Amino acid sequence: MADQRRTFGPVVLTGIVGSGLVALAGSKPWAAPDGTAGSTLVDKTGGHVPLASALALVALAGWGVVLVTRGRVRRAVAVLVAVVSAGLVATVVLGRPSALDSARRATVDLGEAVSGAHVTGWWWVAVPVSVVALVAAVAAVRWCGSWPEMGRRYDAPVAAGTSADLATMDEGDLWRAIDQGRDPTDPDAH
């Protein structure tokens, strides 16, 4: 159990870095046309796969939620991040031919479509990093139950009679209590 608690920092950091790098790589073109000196780029979006960047940003947001939640919510979000990361790996692998086709269609070479395109380095970055993000997400699902949680002192105080007392007070009573230096949400003040 103590060894699994030590995995919290490395797993979350790996997931954040992996998702962030895939988001960066997804915003760059994954393919470029094999043009000649006379070729003209017609469509600047050629070679892009925007779904990869979108999924990576969702995974990145999920890692932020994993940091601040606990219990079942943390596990549910970790499962969601794992599913999104699996979709991210699939998008990266299946997005290569789409990016190549897009790069070919985006360029004309002296009036004729360019027949060739090549994969850029950004796709090569996205492949291993998306797998790393998936591995981190699966590890989070496996170990998140033993990870440390934020202290409960940061949670809003909840008392049994507080909501009922607040429901019976009108707006004027609330403001008068605040003006008198009392906290109307404090159960000990009533």
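Taking amide H atoms as placed 1.01 Å from N in the peptide plane, the amide H of residue 117 lies under 5 Å from those of 34, each 5 or more residues away in sequence or on another chain.
What is the calculated FRET efficiency for residue 101 to residue 24, with r their C-beta to C-beta distance and R₀ = 25 Å, to the nearest 0.05? Between residue 101 and residue 24 the formula returns 0.65. With a Förster radius of 25 Å applied to the beta-carbon distance between residue 5 and residue 61, the computed FRET efficiency rounds to 0.55. Close amide H contacts of residue 49 (hydrogens built in the peptide plane, cut-off under 5 Å, sequence separation of 5 or more or a different chain): 30.
No value in this document is a laboratory result; all are computed from the given coordinates. None of these values were measured; they are calculated from a predicted model. Heads up, the Cβs are rebuilt from the backbone with ideal geometry, glycines too, and the neighbour counts pull from every protein chain shown.
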